[in-house]
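Enquirer: This is the structure, below, for whatever I ask next.
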Number of protein chains: 2
Amino acid sequence: MATINDVSRLARVSKATVSRVLSGSRGVRDESRQAVLKAAGALNYQPNQVAQSLSGQSTGCVGVICAMESMQLAVNYLPALEKQFSRHNKHLLLRFADDAMGVEDALFSMGRGLCDAMIIIGARFPLPSLDKDVILIDCLDAPGENSISFDHAFAAETACHYLINHGRRQLVLLNYADGETAEQLLQGYRRGLEYHLLPYNRQRVACRDPSPSVALQSLINSGTPFNGLLVVNPADAREALSVLHAFGRSVPDSLAIISLEGSTSLPGSLLPLPAIEYPLEKLAEKALDMITGKLQDGGPLVIRGNLVAG
Amino acid sequence: MATINDVSRLARVSKATVSRVLSGSRGVRDESRQAVLKAAGALNYQPNQVAQSLSGQSTGCVGVICAMESMQLAVNYLPALEKQFSRHNKHLLLRFADDAMGVEDALFSMGRGLCDAMIIIGARFPLPSLDKDVILIDCLDAPGENSISFDHAFAAETACHYLINHGRRQLVLLNYADGETAEQLLQGYRRGLEYHLLPYNRQRVACRDPSPSVALQSLINSGTPFNGLLVVNPADAREALSVLHAFGRSVPDSLAIISLEGSTSLPGSLLPLPAIEYPLEKLAEKALDMITGKLQDGGPLVIRGNLVAG
DNA sequence: TTGTATGCGTTATCAG
DNA sequence: CTGATAACGCATACAA
């Protein structure tokens, strides 16, 4: 790799002039500029990013820590984030983590001058205490300030309206075991029912953990009738689909399913179930704004999803 | 962030000694070592990785370019790669690419001193000419040297044996439109049939591009009977499943499906279809060996998958 | 408009 | 065993 010294020698100017031409660019005689440009072209010179990082402040790298438990979501987030990143000449350093320790590990190994900022995505486990420049996306306990989360209550309520308007009045919520998200979903679910003057039946709220399909089977075994099903993500939807198929219940004729966290881009999902989908591009944009500091005053950000009919 | 200067001041030794204690570590008086360790601990000092990169040669970063068309596969590769990387204290810089231009873009933006090496994953499109330190994994045209690919012929042949041994003798191959992989698959498919003295029927080789389900429908419309189906990946399998379900053909009773590129970790695939699965950990290990140069002499590497019954 | 000198944080060389 | 000092490649304040 050619360095700035090579260029300066070949162009017969100083390193400073080379640097000026290729970055600052103002206050350089046209003759010099041309010489530099020509030399740089001839040597195929590209400034070394590591040296730039050391000299300047920013490295242009952002660490992204993905919770493995929500890989399905990561598949959607990652391309959206990366697109924004590369648009702004930033690099995405990827790590996966299974638990709080894994997150700590990742934060540590990336946080030694390599990254300007960190993003944690989809962690459903309690997080360790973290610095101010860590952004939380779709994490269970988002401790205020730098976090982007989804309005799950809104999603559940919307889903209820949708199903009820389609003639389903016995709605089952296959919820998370606990956590902020679970509570929000339950709250939205109850509001949705209330709005339509439907009674809240505790039997119809099942726990997807540890197994959505087992939960569904238990529900069926209990004899509780239902004709609408709210699941937390497309993977759960697929599981439910299989179980219901095995029990001879057709979807959506006998029973309608809606996913509370959709994923447009996931191929292979031929039968199009209705879902609440979140604008990933917007999400990525906001995340980048937080990193660059444009949104620093905004505090926590809550995004509402769109209902996408099947 | 504390620097080596802060530590050296606090420990009343020179920067050189601090550096020695924290890396080389040999030939330091114990008293000095303790002083350095204590100071470093007090200041929570961690060597700046960027400075280390500039001083030394390696940055410890590896660029990974994922073809978006095979996101499903990426979901499997990425965690396996990242695990190996972090085990060896390497960082994974992620980029996505849609086409050759995207790849070129990514190579360019990461190849300015930031990355020690590059990996391209799952590109089914023709690649631009690339440097020697670029490793190709599961790419369509793997130009010799640094590439890891799958033995698709072996996979197709194994799949045929499996299906035929399960009483299916009318096997359809839903193949790629063209490319090396397609040819290999076809070759293995034919060998599998030959071995069992079954005739090769051109009607039973369909093209999954642009749409697997359309291809399958055409096949069904044509009236060609079949009771076994080889698809190239789980996504295609799911599509096929839907189409066949719509046509009232039950799987695996009336017809068996096998995926030639499996994915264990993908949740939500409740009904377990048989598949050829590739050992991702081993793949990642080999990739890392190539990067670190342990495998440099090996040339192109071909990996065979395991049959995993449904 | 241009060149010189300095700093960014480490590692490595080389005297002492 | 240890401490100056020189790289690494670039940006920039300052001087000319």
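Bear in mind that the values in this text are calculations on the coordinates, not laboratory data. Every value quoted in this text rests on a predicted model; they were computed, and no experiment measured them. Here Cβ is always computed from backbone atoms with ideal geometry, including for glycine, and neighbour counts include all displayed protein chains.
Enquirer: Using a cut-off of 14 Å between beta-carbons, work out the net charge of the residues near A:Leu171 (Lys and Arg +1, Asp and Glu -1, A:Leu171 not included).
Expert: Here the charged neighbours net out to +4.
Enquirer: In nm, what is the difference between 0.36 nm times the number of residues separating B:Arg112 and B:Glu183 and their Cα-Cα distance?
Expert: Length difference between fully extended and current span is 21.9 nm.
Enquirer: Which value, in Å³ per residue, describes the convex hull spanned by the Cα atoms of the stretch A:152-277? Walk me through the numbers on the way to the answer.
Expert: Numbers: hull volume 12.3 nm³, N = 126.
In the stretch A:152-277, the Cα hull volume divided by residue count equals 97 Å³.
Enquirer: Taking the Cα-to-Cβ direction at A:Glu194 and at B:Arg12 and moving 7 Å from each Cα, how far apart do the two end points lie in nm?
Expert: Distance between label points: 6.9 nm.
Enquirer: Compute the whole-percent fraction of alpha carbon pairs in the stretch B:128-212 spaced more than 23 Å apart.
Expert: Distances greater than 23 Å cover 32 percent of the Cα pairs.
Enquirer: Determine Rg/Rh for chain A; Rg is computed over alpha-carbon atoms and Rh is the Kirkwood hydrodynamic estimate from the same atoms.
Expert: Expressed as Rg/Rh, it is 1.15.
Enquirer: Separate question: Excluding A:Arg26 itself, what net charge comes from residues whose Cβ is under 15 Å from its Cβ, given Lys and Arg +1 and Asp and Glu -1?
Expert: That sum, taken over residues with Cβ under 15 Å, equals +2.
Enquirer: So, one more: Hey, rough spin-label estimate for A:Ile220 and B:Ser222, points 7 angstrom out along Cα→Cβ, what's it come to in nanometres?
Expert: Reported label-point gap for A:Ile220 and B:Ser222 is 3.7 nm.
Enquirer: Report the convex hull volume per residue for the stretch A:43-158, counting only C-alpha atoms, in Å³.
Expert: On the way: hull volume 14.9 nm³, N = 116.
Output value, Cα hull per residue: 128 Å³.
Enquirer: Something else: Considering only DSSP states other than H, G, I, E and B, which GluC sites (Glu not before Pro) in the stretch B:142-241 qualify as loop sites with at most 15 other Cβ atoms within 10 Å?
Expert: B:Glu145
Enquirer: Here is a follow-up. Please give the FRET efficiency for B:Ser23 paired with B:Asp105, using the beta carbon to beta carbon distance and R0 = 56 Å, rounded to the nearest 0.05.
Expert: 0.95
Enquirer: Hey, which lysines would be in cross-link range of A:Lys83, C-alpha to C-alpha under 16 Å, not counting anything within fewer than 8 residues on its own chain?
Expert: Result set, ordered by chain and number: A:Lys282, A:Lys286.
Enquirer: GNM, chain A, Cα, under 10 Å: largest mean-square fluctuation among A:Thr224, A:Thr181, A:Thr59?
Expert: A:Thr224
Enquirer: Here's something else I'd like to know. Suppose you put the label 7 Å out from Cα in the Cβ direction; list, shortest first and in nm with one decimal, how far B:Leu197 is from each other copy's label.
Expert: Inter-copy label distances (nm, one decimal, shortest first): 7.7.
Enquirer: Also: How much mean residue ellipticity at 222 nm does the protein assembly as shown get from its helices, if each DSSP H run of length 4 or more adds -39500 (n - 2.57) and you divide by all residues, to the nearest 500 deg cm²/dmol? Let's see the in-between values first.
Expert: Numbers: 22 runs with 264 residues, N = 620.
Calculated mean residue ellipticity at 222 nm is -13000 deg cm²/dmol.
Enquirer: The protein assembly as shown: D in µm²/s via Stokes-Einstein (Kirkwood Rh, Cα pairs, 25 °C, 0.890 mPa s)? Kindly include the intermediate steps, with their values, before the conclusion.
Expert: Numbers: Rh = 27.3 Å.
Answer from the Stokes-Einstein relation: 90 µm²/s.
Enquirer: Here's a follow-up. Taking the Cβ of A:Leu136 as the center, what net charge do the other residues with Cβ under 13 Å away carry, scoring Lys and Arg +1 and Asp and Glu -1?
Expert: Computed value for this residue: -3.
Enquirer: With a point put 7 Å past each Cα toward its Cβ, work out how far A:His166 is from A:Asn44 in nm, to one decimal.
Expert: Modelled inter-label distance: 5.6 nm.
Enquirer: Still on this structure, I have one more. Which of A:Lys83, A:Lys286, A:Lys132 ends up with the largest GNM mean-square fluctuation for chain A, with Cα atoms connected below 10 Å?
Expert: Per the Cα network of chain A with a 10 Å cutoff, A:Lys132 tops the list.
Enquirer: Only Cα pairs under 8 Å and at least 6 apart count here; give the relative contact order of the stretch A:152-277 as a rounded whole percent.
Expert: That works out to 27 percent.
Enquirer: May I ask for the angle, rounded to the nearest 10°, between helix A:152-165 and the longest principal axis of chain A, with both axes built from Cα atoms and the value confined to 0 to 90°?
Expert: Its long axis makes an angle of about 50 degrees.
Enquirer: Relative to the longest principal Cα axis of chain B, at what angle does helix B:71-87 sit, 0 to 90 degrees, rounded to 10?
Expert: 30
Enquirer: Can I ask one more? Note the direction-averaged projected area, equal to a quarter of the hull surface, for the Cα convex hull of the stretch A:1-45, in nm².
Expert: 2.6
Enquirer: Here is a follow-up. Return the long-range amide H neighbours of B:Phe247 (sequence gap of 5 or more, or a different chain), with a cut-off of under 5 Å between placed amide H atoms.
Expert: none
Enquirer: Okay, moving on. Can you give the angle from 0 to 90° between the axis of helix A:30-43 and the longest principal axis of chain A, with both taken from C-alpha atoms, to the nearest 10?
Expert: Taking the Cα atoms of chain A, the angle to A:30-43 is about 70 degrees.
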